[in-house]
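Okay, structure first, notes after.
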Amino acid sequence: MWKANEKREPVIFAFLICLLILMIGLSLTFGRYGIPLDKIMEVFGQKLAGNISEENRQADSVLFVIRIPRILLAVMAGAALSASGAAYQGMFRNPMVSPDILGVSSGAAVGAALGLLLDLPSMAVHLLSFLFGVAAVLLVMFLAKVIGRGNGTLVIMVLSGTVISSVFSSMTSLIKYVADTDEKLPEITFWLMGSFARASSYSNMVMMGIGLLAGGGVLLLLRWKINGMAFGEDEARALGINTVRVRTAVILSSTLLTAMTVCICGTIGWVGLIIPHITRLLVGPNYKSLMPISMLGGACFMLLVDNAARTIVPGELPISILTSLIGAPLFIYMLFKGRRDWL
Amino acid sequence: MILDIQNISCGYGKKTVIRNFSARVESGGVFCLLGPNGVGKTTLFKTILRLLPPVSGQIYLDGKNISDYTDMEFARKVAYVPQAHTPPFAFSVRDVVVMGRISHMGAFSSPSKKDYETADQVLQELGIWRLRERAYTELSGGERQMVLIARALAQEPMFLMMDEPTSNLDFGNQVSVLRTVCRLARKGLGILMTTHFPEHMAQCNAKGVLILRDGRYIFGNSDIILTPENLRDAYGIEALIMDVENKGTKIKICQPLLEETAQGN
């Protein structure tokens with residue numbers, strides 16, 4: 001476990017980068033259509049040369065149409081959720097905070113359910129889901145501003161987030177209730193459980209990439225401000241931090257990250273809560289290393305979960321089932337090992 | 001440099017607790033804010049730190065209204081030393097101190113080598129270099145208070161705002177914190193501190209103000225403020241004030257008496 005006098009961040013950072021590259025390589029081979037590593041190299045070589053041999057056609061399409069977008073999407077989603085969870089935990093000064101705290105996932109779920117109910121094309125479902133997710137958070141921020149009148153806004157924000165989340169959850173339930181039980185209801189239910197299978201396309205990958213670059217980039221740049229925010233509003237201001245501006249930037253970036261993930265891949269719980277937490281146990285609370293290492297760790301974890309999702313059972317297991325089933329024991333193990341330093 | 005508080009009234013929302021308060025605090029000295037609980041010391045303190053907007057009146061720092069400063073500019077002139085607390089995360093002492101450099105860094109920057117050097121220098125000056133790699137949450141109350149002073153000094157300010165710097169500290173740590181306060185004032189810093197110990201005024205050779213329960217203010221040095229009458233009007237107790245000679249210097253002893261006063265408490 002982390003001790004303040006050990007400098008092992010660079011080692012962990014390098015290890016995770018190697019692990020991620022290794023896992024991406026291995027993930028390419030997994031699946032119903034197994035492709036051994038040497039064949040992957042061969043296909044890549046032929047792709048670069050511009051002529052794919054006849055025998056490799058199928059491998060080529062499996063790799064480039066299905067597997068690569070899916071793997072990269074999982075990697076980016078893991079990084080996005082972890083970054084937004086890490087930022088929120090610092091800003092709300094509570095290690096038990098998850099990216100959903102201001103209602104973004106519940107909002108995005110309503111948007112998606114509505115889109116599916118109305119039989120909209122998939123791009124429109126993504127868009128509606130994204131907009132609802134962002135709208136839920138904006139509503140929470142507006143409520144906190146009106147109720148708080150500038151004082152104690154963080155607590156009021158968390159409370160407003162809880163209220164808005166529950167309102168949006170009942171709206172999702174309502175949509176499920178009126179949905180056709182043979183077709184729509186299962187579709188909505190499966191969507192909400194999260195999956196990278198249906199989401200794997202290059203356009204989704206590019207959208208996710210832009211979201212991650214923008215939101216994750218801002219959070220990485222604000223690392224030291226988030227450090228200061230962890231000491232509370234008053235102290236952060238006295239340290240010279242424009243807390244209103246930093247808070248707004250953190251919330252908007254985190255919302256962008258989570259809404260983008262949820263609107264493309266569905267609701268994925270746990271990752272944003274446990275990955276920053278586990279990372280903190282390993283490298284300490286300084287966001288200088290906590291933020292990038294959380295993102296790398298989240299990427300590895302999500303890829304692990306997705307590989308499990310597509311290999312454990314024939315067909316496909318929803319992601320959110322596995323994030324808890326794999327995440328919970330890991331988390332408990334880390335808490336057990338780190339219990340002395342924690343709290 | 002002068003912190004000029006002009007006719008300030010402050011409070012939360014519609015409730016005004018401090019009315020028409022004026023004071024001038026100069027760098028190179030200690031200014032104590034004394035008064036009973038609930039009289040509005042903290043509110044005044046927060047108003048000076050710009051954490052609360054004043055109900056009326058102005059505060060000038062170096063001739064410029066404090067509301068005209070940006071957060072960064074203000075933090076480079078005035079630093080805040082809160083009461084020793086436990087944050088939710090176990091930052092290392094060096095990380096905590098280097099956070100005092102945020103006001104000297106760009107909006108998106110990380111601390112430079114020079115920022116770490118400044119932090120290290122402050123840790124050495126305060127004699128807590130040995131703590132630098134410990135986790136802040138594992139320190140004792142006295143050590144934490146020193147680290148918070150170090151963080152404030154890393155801001156390289158002209159003024160330190162200290163909120164009851166000796167509360168919750170044991171006898172020895174109270175003295176070591178107070179000694180640091182006096183030394184920093186001699187080195188040219190202006191220190192504005194709230195305290196519950198009237199003797200601190202005499203010990204730090206401070207000027208200050210005593211806020212009485214009826215809302216009046218008594219300004220002056222320890223000879224003016226530390227009288228049995230004033231302490232009775234502020235705290236509702238009887239106190240014995242004595243001047244004692246020790247190795248040629250005069251020291252003031254302020255001993256509260258446990259017997260009930262005529263006016264009651």
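The values are calculated or read from the model by the stated rules, or taken from the named source; none is laboratory data. Note that this is a predicted model, so its numbers are computed, not measured. Please note: Cβ atoms are built from the backbone with ideal geometry, for glycine as well, and neighbour counts cover all protein chains shown. The area values use the complete protein model at the heavy-atom level, side chains included, leaving out ligands, DNA and RNA. Shrake-Rupley method; radii C 1.70, N 1.55, O 1.52, S 1.80 Å.
Here are a few things to note about the model shown:
- When the residues of segment A:286-323 are filtered to those that are under 14 Å from the mean Cα position of the chain (by Cα) and among the hydroxyl-bearing types (Ser, Thr, Tyr), the one that is modelled with the highest pLDDT is A:SER294.
- Among the residues of segment B:4-42, those identified as out of contact with any Ser or Thr (no Cβ under 8 Å at 6 or more places or on another chain) and within 21 Å of B:PHE74 (Cα to Cα) are B:ASP4, B:SER22, B:ALA23, B:ARG24, B:VAL25, B:GLU26, B:SER27, B:GLY28, B:GLY29, B:VAL30, B:PHE31.
- Taken over segment B:80-99, the criterion of being within 20 Å of the chain's Cα centre (by Cα), within 10 Å of B:GLN155 (Cα to Cα) and more than 7 Å from chain A (Cβ to nearest Cβ) is satisfied by B:VAL97 alone.
- Lone unmet requirement of (1) in contact with a strand residue (DSSP E or B) (Cβ under 9 Å, 6 or more places away or on another chain); (2) within 22 Å of B:ASN37 (Cα to Cα) for B:PHE171: (1)
- Residue match in segment B:120-127 (condition: open to solvent by 20 Å² or more (accessible area, probe 1.4 Å), away from chain A (no Cβ under 13 Å), more than 12 Å from B:ARG151 (Cβ to Cβ) and not in a helix (DSSP H, G or I)): yes
- Residues satisfying the stated conditions in segment B:1-19, i.e. surrounded by 17 or more Cβ atoms within 10 Å (Cβ to Cβ) and among the β-branched types (Val, Ile, Thr): B:ILE5, B:ILE8, B:VAL17, B:ILE18
- Among the candidates A:VAL218, A:VAL305, A:VAL262, residue that is within 14 Å of chain B (Cβ to nearest Cβ), aliphatic (A, V, I, L, M), at negative phi and part of a helix (DSSP H, G or I): A:VAL218
- Qualifying positions in segment B:187-202 - part of a helix (DSSP H, G or I) and surrounded by fewer than 20 Cβ atoms within 10 Å (Cβ to Cβ): B:GLU199
- Each residue in segment B:208-224 was checked for being acidic (Asp, Glu) and in a loop (DSSP other than H, G, I, E, B), and 1 of them qualify.
- Counted residues, segment A:14-31 - those being under 15 Å from A:ILE68 (Cα atoms) and either free of Cβ contacts under 8 Å to residues at least 60 places away in the same chain or in a helix (DSSP H, G or I) (or both): 10
- Residues satisfying the stated conditions in segment A:34-56, i.e. exposed (fewer than 13 other Cβ atoms within 10 Å of the Cβ) and in a loop (DSSP other than H, G, I, E, B): A:GLY34, A:PRO36, A:GLY50, A:ASN51, A:SER53
- If you go through segment B:154-195 and keep only what is polar (S, T, N, Q) and out of contact with any Cys (no Cβ under 8 Å at 6 or more places or on another chain), you end up with B:GLN155, B:THR166, B:SER167, B:ASN168, B:ASN173, B:GLN174, B:SER176, B:THR180.
- Here A:LYS225 clears all of (1) touching a residue at least 12 places away in the same chain (Cβ under 8 Å); (2) farther than 19 Å from B:ARG76 by Cβ; (3) open to solvent by 10 Å² or more (accessible area, probe 1.4 Å) except the condition numbered (2).
Each row is one residue, and each column tells you yes or no for (1) out of contact with any helix residue (DSSP H, G or I) (no Cβ under 8 Å at 6 or more places or on another chain); (2) open to solvent by less than 30 Å² (accessible area, probe 1.4 Å); (3) among the polar types (S, T, N, Q).
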| position | (1), (2), (3) |
| --- | --- |
| A:GLN58 | yes, no, yes |
| A:LEU63 | no, yes, no |
| A:ALA83 | no, yes, no |
| A:GLN89 | no, yes, yes |
| A:ALA112 | no, yes, no |
| A:GLY133 | no, yes, no |
| A:VAL137 | no, yes, no |
| A:LEU143 | no, no, no |
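- For the residues A:ALA112, A:ALA144, the requirement of being farther than 30 Å from B:TYR12 by Cα and hydrophobic (A, V, I, L, M, F, W, C) singles out A:ALA112.
- Out of B:SER67, B:SER22, sole residue that is surrounded by fewer than 19 Cβ atoms within 10 Å (Cβ to Cβ), small (Gly, Ala, Ser) and in a helix (DSSP H, G or I): B:SER67
- Here segment B:132-186 is the region considered, the condition is being at pLDDT 95 or above and not aliphatic (A, V, I, L, M), and the residue that is surrounded by the fewest Cβ atoms within 10 Å (Cβ to Cβ) is B:GLU156.
- Of everything in segment A:247-260 that is open to solvent by less than 10 Å² (accessible area, probe 1.4 Å) and of a type in the set (A, V, I, L, M, F, W, C), the residue that is nearest to A:ARG149 (Cα to Cα) is A:ILE251.
- Residues in segment B:28-64 that are part of a helix (DSSP H, G or I) and open to solvent by 30 Å² or more (accessible area, probe 1.4 Å) were compared, and the one that is farthest from B:HIS196 (Cα to Cα) is B:LYS46.
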